[in-house]
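**Q** This is the structure, below, for whatever I ask next.
Since every read-out is calculated from the coordinates, none of them should be taken as a lab result. Note that the structure is a prediction, hence the values are computed from the model and not measured. Reconstructed Cβ throughout: ideal geometry from the backbone, glycine too, with neighbour counts over all protein chains shown.
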Amino acid sequence: MKSSAKKAETAVTVPALDKADLSILKLLQENARITVKEISEKVHLSTTPVHERIKRLEQSGVIKQYAALLDPTKLKKGLMTICYVSLRQHSKTAGVQFIKAINAMHEVIECYTISGEFDFMLKVVTEDMNAYYDFHVNKLGQIENMGHQQSVFVMGTVKETHQLIY
């Protein structure tokens, strides 16, 4: 069942990353709005090779997307919950149906297949406890084949990063 969560990806050759590629990626993950000119100055390459490297990294899937990181509390999304879910049935069809339902729920900002007692771990953001209760009862609880579920409420954030290269 876990393998049903994997998306069929087109076979794209991942380029061998050299020191310049890693430097470019480090700069982009720190600030996705940095210009090619600014990157070229910092990595000591002209703008054309930097631009070509970035395009190659995008096309190969090393760079998946560019995003603005938002403060959930300033957007009235002050409650973060980690929700562990197990399904009653573990078939490919059941897994696909669950994943389809989760993908339609805007409160779920991350979903992982996991090992152990539970099948999935969800990261859910809502306005407050009342909004989470509504989500839990009227959305998550209505998914067919839902088994056991456990919610853990995040009290504070100690570390949050998206940086993979240091």
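**Q** With a 10 Å Cβ neighbour count serving as the proxy for reagent exposure, in which order, fewest first, do Thr126, Thr113, Thr161 appear?
**A** Numbers: Thr126 20, Thr113 16, Thr161 8.
The fewest-first ordering by Cβ neighbours comes to Thr161, Thr113, Thr126.
**Q** If you build a Gaussian network model of the chain, linking Cα atoms that sit under 10 Å apart, which residue out of Lys123, Lys77, Lys37 swings the most?
**A** Checking each option, the largest mean-square fluctuation is seen for Lys37.
**Q** From the backbone phi of the stretch 72-89, what are the Karplus-calculated ³J(HN,Hα) couplings (6.51 cos²θ - 1.76 cosθ + 1.60, θ = phi - 60°) in whole Hz, Gly and Pro given as x?
**A** Working through the residues one at a time gives x, 5, 7, 10, 6, 10, x, 10, 10, 10, 9, 10, 9, 10, 10, 9, 6, 10 Hz.
**Q** Which of the following values of Cα Rg over 2.2 N^0.38 Å was calculated from the structure shown: (1) 1.84; (2) 1.20; (3) 1.30?
**A** Derived directly from the coordinates: (3).
**Q** Show me, for the stretch 115-132, the HN-Hα J-couplings you get by feeding each phi into the Karplus relation (A = 6.51, B = -1.76, C = 1.60, θ = phi - 60°), rounded to Hz, glycine and proline as x.
**A** 3J(HN,Hα) across the stretch 115-132, in whole Hz: 9, x, 5, 10, 9, 9, 10, 10, 10, 10, 10, 9, 5, 7, 4, 4, 5, 5.
**Q** Quick one: length gained pulling Tyr166 to Ala32 fully straight, 0.36 nm per residue minus the C-alpha distance? Walk me through the numbers on the way to the answer.
**A** On the way: separation 134, 0.36 × 134 = 48.24 nm, distance 1.53 nm.
My answer for the length gained is 46.7 nm.
**Q** Which residue, Met121, Pro72, Asn138, has the largest displacement toward the positive end of the dipole of the chain when charges sit on each Cβ (Lys, Arg +1; Asp, Glu -1)?
**A** Comparing the listed Cα positions along the dipole, Met121 ranks first.
**Q** Also, quick follow-up: Test of understanding: ordering His136, His162 by Cβ neighbours within 10 Å, fewest first, what list do you get?
**A** On the way: His136 17, His162 8.
By the 10 Å Cβ count, ascending, the order reads His162, His136.
**Q** Let me ask something else. When the dipole is taken about the Cα centre of the stretch 1-144, and only Lys, Arg (+1) and Asp, Glu (-1) are charged at their Cβ, what size is it in debye, to the nearest 20?
**A** 320 debye
**Q** Anything over 21 Å Cα to Cα? Flag those among Lys26/Lys76; Lys19/Lys42; Lys77/Lys139, in the order listed. Before the final figure, lay out the partial values.
**A** Details: Lys26/Lys76 31 Å; Lys19/Lys42 13 Å; Lys77/Lys139 17 Å.
Too far apart for the 21 Å limit: Lys26/Lys76.
**Q** Follow-up question, since we're still on this one. Using Cβ counts within 10 Å as a stand-in for footprinting exposure, how do Asp71, Asp134, Asp119 rank, fewest first?
**A** Numbers: Asp71 7, Asp134 13, Asp119 22.
Ordered from fewest to most neighbouring Cβ atoms within 10 Å, Asp71, Asp134, Asp119 come out as Asp71, Asp134, Asp119.
**Q** Obtain the nm distance between the two label points defined at Gln89 and Gln149 by a simple spin-label model: each point lies 7 Å from its Cα along the Cα-to-C-beta direction.
**A** Result: 1.9 nm between the two label points.
**Q** Which whole-Hz ³J(HN,Hα) couplings does the stretch 44-53 yield from phi under the Karplus relation 6.51 cos²θ - 1.76 cosθ + 1.60, θ = phi - 60°, glycine and proline marked x?
**A** After applying 6.51 cos²θ - 1.76 cosθ + 1.60, I find 6, 10, 6, 5, 4, x, 5, 4, 5, 5 Hz.
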